[in-house]
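Student: Please see the structure below; I have some questions.
Please treat every number below as a calculation from the coordinates, not as lab data. As the structure is a prediction and not an experimental result, all values here were calculated from the model. Cβ placement follows ideal geometry from the backbone for every residue including glycine, while neighbour counts extend to all protein chains displayed.
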Amino acid sequence: MLEINKAYCMDALELLKLIPNNSVDLILTDPPYNTGMKKSNGKARLCHFFNDNLSKENYQNLVITSCNEFYRVLKENKAIYIYINWRNMGLWLTELEKAGFLMKNCIVWNKIIHGLNYQNYANTYELILFGVKGSFFPNNKPKFYKDVWDIKRKVNTENKETHHETEKLLKIVQLPILHASNKGDIVLDCFIGSGTTAVACKQLGRNFIGCDNKQEYIDLTNKRLSQQILKLEDNENGKNT
């Protein structure tokens, strides 16, 4: 039996197999984007980002299996949020719909400060797919009711103890949790990275189930969770923990 409020070091698909049918209240997760970028000669500063290069077949299997399992474990009349980029958005949309989800929107996170890929127009946004199982409407009024969220990303984090190259801002994780769950609910994140979803759940009075396949990130998650509960207002200006 899986314990709630615990991050496991294991493969996402293996964790999903252990979760009972219709048992989680919200799915909020940040799977690999499969950028296709590889580490070149020397040590890449962003080693996680530059080794996100599954084969087409393996990535499709990850997406298809994940979507079917997501639908199985999510309760009826609940929501799912998937962080993704433009490159594989179509694949995720297709497979989520095949699995049974009704896809309602694609939220654009405008990060204000651009990132990499200068030669092909510097990246300044990411996408969040929003879907439902059954019938569900988010509690997203009055502030964040539009499908573009302008939230400045953090920069210069490579030396922070909680660093994960693709770590999401705490605020961009808090919002879906506030919009689509209640206190005491169980939130699933099977690509938990360094634990931002776990921290947000701790702050907001939710429970979580999560995993990552790298022990170093599970250690970071546990270290963050061992700290005192953080103030929500600390993140109003795009700060992170």
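Student: Could you please rank W86, W149, placing first whichever residue has the fewest other Cβ atoms within 10 Å of its Cβ?
Tutor: On the way: W86 12, W149 16.
With the sparsest Cβ surroundings first, the list reads W86, W149.
Student: Could you give the nm distance between label points at L13 and Y118, where each point is 7 Å from its Cα heading toward the beta carbon?
Tutor: That separation, rounded to one decimal, is 3.9 nm.
Student: Amide H of K104 versus every other amide H placed in the peptide plane: which residues, excluding those fewer than 5 positions away on the same chain, fall under 5 Å?
Tutor: Hits under the 5 Å cutoff: F130, G131, V132.
Student: Can you give me the distance in nm between label points at N68 and K223, each placed 7 Å from the Cα along the Cα-to-Cβ direction?
Tutor: 3.9 nm
Student: For each pair in K133/K168; K75/K104; K104/K146; K143/K168; K17/K214, compute the distance between the two Cα atoms and list the pairs where it is over 23 Å.
Tutor: Details: K133/K168 25 Å; K75/K104 17 Å; K104/K146 13 Å; K143/K168 20 Å; K17/K214 19 Å.
Going by Cα-Cα distance, K133/K168 fall outside the 23 Å limit.
Student: For region 79-140, what log10 I(q)/I(0) values come out of the Debye formula at q = 0.13, 0.16, 0.27, 0.28 1/Å, with one point per alpha carbon and no solvent?
Tutor: Debye curve over Cα of region 79-140, log10 I(q)/I(0) at q = 0.13, 0.16, 0.27, 0.28 Å⁻¹: -0.41, -0.58, -1.12, -1.17.
Student: Pop the C-beta distance of N58 and E216 into the FRET formula with R0 = 22 Å and round what comes out to the nearest 0.05. Numbers along the way, then the final one.
Tutor: Values: r = 22 Å, r/R0 = 1.02.
The formula returns an efficiency of 0.45 here.
Student: Sticking with this structure for a sec: Take H114, H179 and order them by how many other Cβ atoms sit within 10 Å, fewest up front.
Tutor: Numbers: H114 13, H179 18.
Final ranking by Cβ density, sparse to dense: H114, H179.
Student: Further question: What is the fewest-to-most order of S194, S226, S66 by other Cβ atoms lying within 10 Å of their Cβ?
Tutor: Ranked by crowding around the Cβ, least crowded first: S226, S66, S194.
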